[in-house]
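Note sheet for the following structure.
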Amino acid sequence: MLKVYNTLTREKEEFKPLKKGEVGIYVCGVTPYNDPHIGNARPFVVWDVIRRFFKKSGYKVKYIQNFTDVDDKIIRKANEEGVSWSDISDRYIASYFEAMDALGVRRADIYPRVSEHIPDIIAMVQTLIDKGYAYTVDGDVYYSVEKFAEYGKLSGRNLEDMQAGARVEVDERKQNPMDFALWKAAKPGEPSWESPWGKGRPGWHIECSTMSLKYLGKTFDFHGGGSDLIFPHHENEIAQSQACCGDTKSFAHYWLHNGFITIHEEKMSKSKNNFFTVQDILKQYPGEVMRFFILQTHYRSPLDFSDERLKEAQAGLARLKHSREYAEVLSKRQGDASTAQALAAMAAQAKRDFYAALEDDFNTALAISYLFALSKEINIYSNEIANNGLDFDAAGFAEAKAVYDEMAEIIGLFETQAAPVDDGLVEPLMKLIISIRQEARQAKNWALADKIRDELKAAGIVIEDSPTGARWKKV
RNA sequence: GGCGACAUAGCCAAGCGGUAAGGCCGGGGUCUGCAAAACCCCUAUUCCCCAGUUCGAUUCUGGGUGUCGCCUCCA
């Protein structure tokens with residue numbers, strides 16, 4: 001039984017799909033005005049796993065993720081650079097996909113953009129006006145929060161408290177300081193579209209209501225995003241969507257919010273200028289390491305970013321990879337002893353535990369621990385075979401590997417292949433050097449063998465001997 | 001000021017009423033001509049503090065202390 005923590009009720013609830021065997025997911029995407037930093041990437045990595053989990057569990061998944069490509073910051077950046085707003089959004093959407101590809105995040109089913117849904121947005125705003133939830137002022141359209149009785153239900157606030165502590169400068173034209181813009185009248189130098197209220201552009205929030213309605217319907221299963229979107233963004237989406245549909249039970253059933261990635265315990269954010277972009281980190285670590293780093297912590301917890309943490313993730317991931325290689329090799333060798341029955345049983349148990357962990361509010365950290373548990377079991381058997389001549393059971397290893405791969409696939413590991421950096425010359429040269437050294441070793445000429453190894457090391461190449469021959473790698 | 005989250009070994013991190021998963025680091029060993037790599041084993045009588053509820057609490061309740069977040073653009 002799948003249980004999920006719902007921000008709306010502040011409880012873990014049993015997940016009941018709207019339609020049996022199907023799940024609809026809307027995750028708030030990015031405003032493309034910058035390269036994504038690792039904090040931005042977190043929700044997409046998390047949801048990528050959730051989606052893989054649902055698919056593996058037999059659900060038909062519809063996963064929508066928007067791009068807010070009409071926005072103040074995009075416009076500002078475009079004006080700074082003297083290019084069009086769409087040049088900026090196109091550039092950073094491409095950057096976003098580049099980062100997601102590196103992290104092994106599979107594509108959503110649809111990536112709707114604000115700029116391609118202006119008529120839908122206008123229609124929704126008009127409906128809100130018609131129903132009395134919105135009013136126009138000088139070409140702007142505002143949502144009247146007082147008209148929506150349940151305003152604040154997601155974020156656990158009420159209008160009185162918010163007004164008491166409001167730090168925003170009050171726009172005197174608003175009926176209530178908390179009213180927010182559905183449509184903004186055009187200003188010089190801004191992109192704009194014709195509307196019943198004059199030229200203008202959509203406010204923030206309305207696009208998600210409109211596009212989720214269009215692609216997932218009035219009611220759907222999951223809505224996700226970072227915790228910072230709970231208020232005002234998701235609160236406002238609820239107000240818009242439920243007012244529009246006239247049904248306070250409509251819209252998303254389960255609201256999932258991920259915690260922040262921090263640096264020195266402080267939220268990573270563009271405004272604090274304490275962020276690391278995915279692309280920057282990729283210069284030091286493979287995307288897979290970042291992904292593993294993110295998933296080793298439960299999605300709702302804060303996650304402190306540092307080089308140290310990434311190094312740890314890399315070491316742990318390397319351990320998992322080694323075991324997979326063992327299982328792979330042994331599953332293909334000849335061997336029909338049934339010594340690995342315990343291994344197969346262990347694998348079956350690991351698989352059950354793994355799924356149970358994910359069914360408990362997508363506890364990837366716990367799930368990954370079962371990957372390590374199976375890894376250890378595989379290593380023990382491999383050692384018995386290598387060191388004690390135990391007969392082995394290829395079928396047992398094949399079974400363990402199948403389970404191992406299934407778990408890894410949901411977490412999204414082992415998918416990226418290291419790009420060979422060979423220029424066509426290094427490989428044959430190294431082969432030659434290694435074979436010369438091997439001859440020296442066979443002649444017990446340790447002085448020469450060690451000299452070759454030491455000098456290569458000084459040149460940045462490490463030689464590692466093994467029963468099946470020497471390996472080399474750049475440091 | 002309002003609302004909320006979190007505090008578990010050297011570091012990271014699960015668990016959230018039945019007696020502390022996992023990873024990293026460190027220590028010991030196996031393998032190796034020597035190394036390296038890899039693997040195996042070991043590493044918290046104890047879960048921020050103080051009360052309370054309970055046969056029993058890291059887990060629940062109350063009160064502290066500390067850290068972080070939202071209330072303004074933010075994943």
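With respect to chain A, whose longest principal axis is taken over its alpha-carbon atoms, helix A:38-56 is tilted by about 80°.
Look at the dipole of chain A built from charges on Cβ: of A:230, A:277, A:379, the Cα furthest out on the positive end belongs to A:379. Here is the list for region A:177-274: trypsin sites (Lys or Arg not before Pro) lying in DSSP coil, each with at most 11 other C-beta atoms within 10 angstrom of its C-beta, are A:249, A:272. With the highest mean first, a sort of the peptides A:372-383, A:458-469 on other beta-carbon atoms found within 10 angstrom per residue produces A:372-383, A:458-469. Placing unit charges on each Cβ (+1 for Lys and Arg, -1 for Asp and Glu) gives region A:326-411 a dipole about its Cα centre, and among A:348, A:370, A:331 the Cα reaching farthest toward its positive end belongs to A:331. Among the protein heavy atoms of region A:397-475, carbon and sulfur supply 58% of the accessible surface, probe 1.4 Å, non-protein parts ignored. Label zone of residue A:272 (point 7 Å out along Cα→Cβ, amide N under 12 Å): in region A:26-44 this covers A:39.
Report summary: the helix-based calculation at 222 nm, which adds -39500 (n - 2.57) for every DSSP H run with n ≥ 4 and divides by the residues of chain A, gives -15000 deg cm²/dmol. Once the C-beta distance of residue A:336 and residue A:439 is scaled by a Förster radius of 41 Å, the resulting FRET efficiency is 0.65 to the nearest 0.05. In plain terms, the bigger the Kirkwood radius, the slower the diffusion; for chain A, with that radius from Cα pairs, at 25 °C and 0.890 mPa s, Stokes-Einstein puts D at 96 µm²/s.
Extension gain for residue A:318-residue A:391 works out to 23.6 nm (0.36 nm per residue, less the C-alpha to C-alpha distance). Taking 0.36 nm per residue of separation and subtracting the current Cα-Cα distance, fully stretching the chain between residue A:284 and residue A:247 would add 8.3 nm. The charge dipole of chain A, taken about its Cα centre with unit charges on the Cβ atoms of Lys, Arg (+1), Asp and Glu (-1) only, comes to about 660 debye.
Greater than 27 Å separation of Cα atoms is the criterion. Which listed pairs, A:332/A:473; A:19/A:56; A:311/A:332, meet it? From the list (A:332/A:473; A:19/A:56; A:311/A:332), the Cα-Cα distance tops 27 Å for A:311/A:332.
Using only the alpha carbons of region A:426-474, what is the convex hull's orientation-averaged projected area in square nanometres? Display every interim value, and only then the final one.
Working: hull surface 12.5 nm².
Averaging across all directions leaves 3.1 nm² for the Cα convex hull.
Between 0 and 90 degrees, rounded to the nearest ten: what's the tilt of helix A:394-411 against the longest Cα principal axis of chain A? Approximately 30 degrees, to the nearest 10.
With 18 Å as the limit, the listed pairs A:184/A:272; A:131/A:199; A:218/A:249; A:3/A:267; A:3/A:376 have A:184/A:272; A:131/A:199; A:3/A:267; A:3/A:376 beyond it between alpha carbons. Please identify the GluC sites (Glu not before Pro) of region A:203-307 that satisfy two criteria: DSSP loop assignment and at most 12 other Cβ atoms within 10 Å. Which are they? Loop-located and lightly packed - A:265. Out of every Cα-Cα pair in region A:325-393, what percent are more than 18 Å apart? Roughly 42 percent, once rounded to a whole number. All C-alpha pair distances within region A:3-281, sorted into 10 Å bins from zero, spread as 6, 27, 36, 25, 5, 0 percent across the bins. Here each label is just a point 7 Å from Cα along the line to Cβ, and for residue A:352 and residue A:454 those points are 5.7 nm apart. The accessible surface of region A:20-115, taken with every protein chain in place and a 1.4 Å probe, is 43 percent carbon and sulfur. If the Kirkwood radius is taken over C-alpha pairs of region A:129-195, then at 25 °C and 0.890 mPa s the Stokes-Einstein diffusion coefficient equals 183 µm²/s. Here the extension length gained between residue A:311 and residue A:127 equals 61.0 nm, from 0.36 nm per residue of separation less the Cα-Cα distance. Put a plus charge on the Cβ of each Lys and Arg, a minus charge on the Cβ of each Asp and Glu, and nothing anywhere else: the dipole of region A:3-281 about its Cα centre is then about 1120 debye. Placing +1 on the Cβ of every Lys and Arg and -1 on the Cβ of every Asp and Glu, with nothing else charged, gives region A:326-411 a dipole about its Cα centre of roughly 220 debye.
The values are calculated or read from the model by the stated rules, or taken from the named source; none is laboratory data. Just so you know, these numbers come straight off a predicted model, no measurement behind them. Glycine gets a Cβ as well: all are built from the backbone with ideal geometry, and neighbour counts include every protein chain shown. Quick note on the areas: whole protein, heavy atoms, side chains included, nothing else; ligands and nucleic acids left out. Shrake-Rupley method; radii C 1.70, N 1.55, O 1.52, S 1.80 Å.
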